[in-house]
Structure formats: structure tokens, C-alpha cells
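The values are calculated or read from the model by the stated rules, or taken from the named source; none is laboratory data. Please read all numbers here as calculations on a predicted model, not as lab measurements. Note that each Cβ is placed from the backbone with ideal geometry, even for glycine, and that neighbours are counted across all protein chains shown.
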Amino acid sequence: MRSTWSKHIGVTAAACLATLVLALPATAFVNPKAWVPPRAHHVRMAGGEATAPLPLPATPQRRSEHKRKPAPPALIGMIDLNQIVGHRVENYPTETIDIETLMNWTNSQLGLHYRYVQVDLSRFSWSPTQLPVLYLTGWTPLPKFSPVILVKMRGFITAGGTLLINASCGRPEFNKSVIRLEHQLFPNRPFGPLPLDDPMYHCLNHISQMAVRKGTGPWKEIPPYLDVMYMGCRAGIIFSPVDMSWGWNAATRPIKGGVLYAQGDALRLGANILTYVLANYQYGRAFEIQKIYQQSKIATRDQLVIAQVMNNGDWNPTPHGLPNLLKFIDQKTTLSVQFKRAKVSLDSLSVGQYPILYMTGLRNFAWTPKEVQNLHAYLHAGGMLFVDCAMGSDAFDEAFRAEIKKVLPHHRLKMLSMKSPVYNDVFPIRQVNYSPVVAAADPGLHAPVLEGITIDGAPAVVYSRISLSNGWEDLPNPYAKAYATADSLKLGTNILVYGLTH
């Protein structure tokens, strides 16, 4: 994982984090944050004298009752990991000071009124509509979750919920157990660094550097670091291996054997995380219930297979996108071709196996020498690679430009002219609409922006830096740098026809 860090946050920051976190001794550790009790809930009491509706000399009765303010909605459920084993309770060491402070600070920043609650997993409904966020923290290894709990937790995240994990004091023994838990939950989904251009670092507070210290050592400024597991284009698991110390001022009270972010920086990042979760809630719910279009199995027309490329990054962040495009082509055009989708790994790709390859992603990736060789042969034999940058991700964009240079070192990506067939074949396209994020960043942008590479006059590569697939999905994604749905579908149709006819 350290090599992945260096690609995203710089060699210096990666070395710093490795030195700070991995060098901690995995020995008996006492966490002073654990002895800070939770704040007592505010309760109003009112008392009054009342006389029973009976004739005197009945004795007056005194009535006192609790009158509580209406409880604000719960946003976060702090998981209680205490376990009953036989006739005794095994306590899992944890603390509430951090999440309590974060909720209060974020509410004041956003003008909202949310709260956190304690959650007993044996009684929880596992519905994100009840609690959008489940929160885990600790400094010792996590206990083993039963297969039943793992299935329910996986279902919670898949249904739009978020699992937020904070390593109290940045302890390595806890961090290792979190990585094991993620692999148990989603063995086929990579767990890795959140790219620095991700909206989680910029949606409320712009965060490019954070102060961190180990024990009583000097403060160091490094880029922010979070590990995430994506569910589509949304972070379903968010994990900080460095203690975000929302409720602890490490400047005045350092913790021996701990690695903590400065409290001010941590609060700003924490508020960003909660803002991100709230903004993506509808996307997460819609993503879970979106149905993938299946074309008729009756072959009434010629069939053409489009192969989606798998890679060692997040290779399928918009799973509903390409099927929705094929549905649009099938239902809205008179093309005599019925498109089908397959998955392919470049290390097993054969020349002429598929006429069009489709590729998308969120994170950085790297092709092996064999994959580079196979793709080079495929493109020079007349195949076409259609690439989409999901979410308009800087990490994927940077990686793709570097990797395609290895494949085609004597060619470079060029902007496609408005005279290109891509803009003139099935749908004449002169102007397009973009998502709110793109429109706000560049209000004057109305023309489509596509790049390409041709080999001997034939299309070899078509690349969209602004996402088409997020538009094809037509989901409420607030942070997507994308084309609007209607225009993305037309552009996608034109690109596939361009690849088939040229």
C-alpha cells in the first residue's frame, strides 16, 4: 500500500506517513482519550403542585415529569462492539469524545442539527434510511464479526450507507484489522487512497495540507490521507489510519505512542466527510436500486460485442452507464446492430477479438508490459479503444495519459475537430450541456470536448476527459464532472458508430 500512497500524495508524504504510523510499536498502549466521559444530555424538568379533583381534605399531590426537547435526527450510529460471551460482557475499548465533538462542530458550521447515537448491531435494522452512517473507532484489533453481521454490513453499504472508521491514536494493530475487515466485506473491490482532487477534500473546506504529529515529536505538514472503498462513484467505506482527533487537542496534550492530526485540520476534514455523505445520500440509494438493462436474448439483428477493459484500479465505477447507452441505441435509433457487453483483461486480449474496447475508471492504474504489448497490437490491427474518465477524475486522467504513451509512443491525443464524424454521424452535435460542477467551473463552456488518436486515418483512441458514463447512468450525482444525460447519450452513440464505420 505504501507504493500506492506515493502515487497519490507524493513520495515525501508517503514516507512521512509510513514513518509515523508503521513505526509505532505494537505493544500495550493506554489511550487517555478513553477516560473522557460523554457529555450528559440536556434535560429540562418542570415540577408543579396539583390537587386531586376530590373534595377536601384530600391531600395535594406533587407531580414532576421529564420534558425533553424533540430529538434531532440521527446521522451517525457509533457501533458498540461490546460482546456478551457466556455470562460475562467482553468490553471493546473505545471512546466517544471524538464523534461527539465532530457532530457539534459540524452542526455549527452547516447550520444543521444532527446527532449521533450508540448502535447495538444485534438490534440495528441495517437500513441507511434509519442511520446513513455507521462509525467505528478503536486502538486495539477489531473483534471478529460473524458471517451474519458481515452480510448485513455489506448490505448496508451497498444500499447507500457509509461506514466511517477512525483509528484512535493511529495505532497500527487497529489499522491492520480494518484492512482485513474491508477485504472480508468486499474482496473484489480495491481499498486505496482517496485522490487529492476528490470532492471530499474540497466540498466544504478546501484541504490540501494537514498538520500531523507522532507523540511529542515535531508537527509535519502533509497532504490529507484517507483510504476509501468505492461503491460506484461514492465512497462506501471511509477510513483514516491517522487519528482525526476531533475531540482532542494534540498541540497541548500529545499522546505518547499516538499519531494525530491537528484538531482544527481534523475538524475541517470531518465536516467535509459528513457534507460529502449527506450530498451523496440520494445517489447511494438510487445506485442500489438502479436496474441494469438487459437486451432481448432473441437475436433479431446482427450482434456486436463491446468489451469493457478490466484493470488494477477501480475499473467499473459506473456499472449502469454502458448498459444504459446500449439501451438508448437499441430503443432510440434505427441502427441494425444489437450491441452486447463483455469484460476483458488486456493480458488475454487477442487481435480482432473485439472491434471496440471500452474503458473507464476513478483511480490511477498501470498496465503491465504484456498488456501494453497486446493493446499496441490490437490498435494497430484496426481496433478502437473508447475511454471515459469517470467523475472527471484527475487521478485516472493522469494515469491514462501516461499509459497510452507507452502503448502508442509515436502518437499523441489531439482535440477532435467539430468536423469529426463523432459530432456529425447519427446526431448532429454543436453545443452540449454539462453537469452543475462543470458549468460552475467554466460557465462559457458549451462545446463538446473529446480527444482522439488516429492510425492510418482510422480511429484508434477516443477519450473523454469529462465523464460520459456518469451522464449515461442518469443518477443524482452532485459532484460528477460530466456531460448532461441527453447529450452524453448522443455523444456515446456517435462514438460507437464512428468506431464501426471508420
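Listing for the model above:
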read-out	value
Test: residue in segment 380-387 that is in a helix (DSSP H, G or I) and in contact with a Gly (Cβ under 7 Å, 6 or more places away or on another chain)	no
Residue list for segment 284-316, filter: of a type outside the set (Gly, Ala, Ser), in contact with a strand residue (DSSP E or B) (Cβ under 6 Å, 6 or more places away or on another chain) and at pLDDT 80 or above	Val305, Ile306, Gln308, Val309, Met310, Asp314, Trp315
Given (1) of a type in the set (A, V, I, L, M); (2) within 20 Å of the chain's Cα centre (by Cα); (3) modelled with pLDDT of 95 or more; (4) over 25 Å from Leu75 (Cα atoms), number of the condition Leu196 does not satisfy	(3)
Those residues of segment 245-268 which are in contact with a Gly (Cβ under 6 Å, 6 or more places away or on another chain) and either among the acidic types (Asp, Glu) or closer than 22 Å to Pro195 by Cα (or both), in sequence order	Val259
Criterion violated by Thr216 - all others in (1) modelled with pLDDT of 95 or more; (2) more than 30 Å from Asn311 (Cα to Cα); (3) among the polar types (S, T, N, Q) satisfied	(1)
Flag if Pro409 is surrounded by fewer than 17 Cβ atoms within 10 Å (Cβ to Cβ) and in contact (Cβ under 8 Å) with a residue 60 or more places away in the chain	no
Residues of segment 434-453 satisfying the condition of being closer than 27 Å to Gly499 by Cα, surrounded by fewer than 16 Cβ atoms within 10 Å (Cβ to Cβ) and not aliphatic (A, V, I, L, M)	His446
Pair list, Cβ under 6 Å, 6 or more apart: segment 210-223 residue part of a loop (DSSP other than H, G, I, E, B), other residue small (Gly, Ala, Ser) and crowded, with 17+ Cβ neighbours inside 10 Å	Trp219/Ala211; Pro223/Ala13
Selected residue (criterion: surrounded by the fewest Cβ atoms within 10 Å (Cβ to Cβ)) from residues of segment 101-143 that are under 16 Å from Gln263 (Cβ atoms) and either in contact with a Pro (Cβ under 6 Å, 6 or more places away or on another chain) or of a type in the set (Ser, Thr, Tyr) (or both)	Ser108
Residues of segment 242-277 that turn out to be crowded, with 24+ Cβ neighbours inside 10 Å and charged (D, E, K, R), as a count	1
Every residue from segment 249-268 that is in contact with a strand residue (DSSP E or B) (Cβ under 7 Å, 6 or more places away or on another chain) and part of a loop (DSSP other than H, G, I, E, B)	Ala250, Pro254, Gly258, Ala262
Extreme residue, farthest from Asn324 (Cα to Cα), among residues of segment 456-473 that are modelled with pLDDT under 95 and surrounded by fewer than 24 Cβ atoms within 10 Å (Cβ to Cβ)	Asp456
Filter result (assigned to a strand (DSSP E or B) and out of contact with any strand residue (DSSP E or B) (no Cβ under 7 Å at 6 or more places or on another chain)) within segment 445-473	Ile455, Ala458
Number of the condition not met by Thr360 [criteria: (1) surrounded by 14 or more Cβ atoms within 10 Å (Cβ to Cβ); (2) free of Cβ contacts under 8 Å to residues at least 60 places away in the same chain]	(2)
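This table checks each residue for (1) touching a Leu at 6+ places or on another chain (Cβ under 7 Å); (2) part of a loop (DSSP other than H, G, I, E, B).
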position: Arg363; (1), (2): no, yes
position: Tyr378; (1), (2): yes, no
position: Glu398; (1), (2): no, no
position: Pro409; (1), (2): no, yes
position: Val426; (1), (2): no, yes
position: Pro443; (1), (2): no, yes
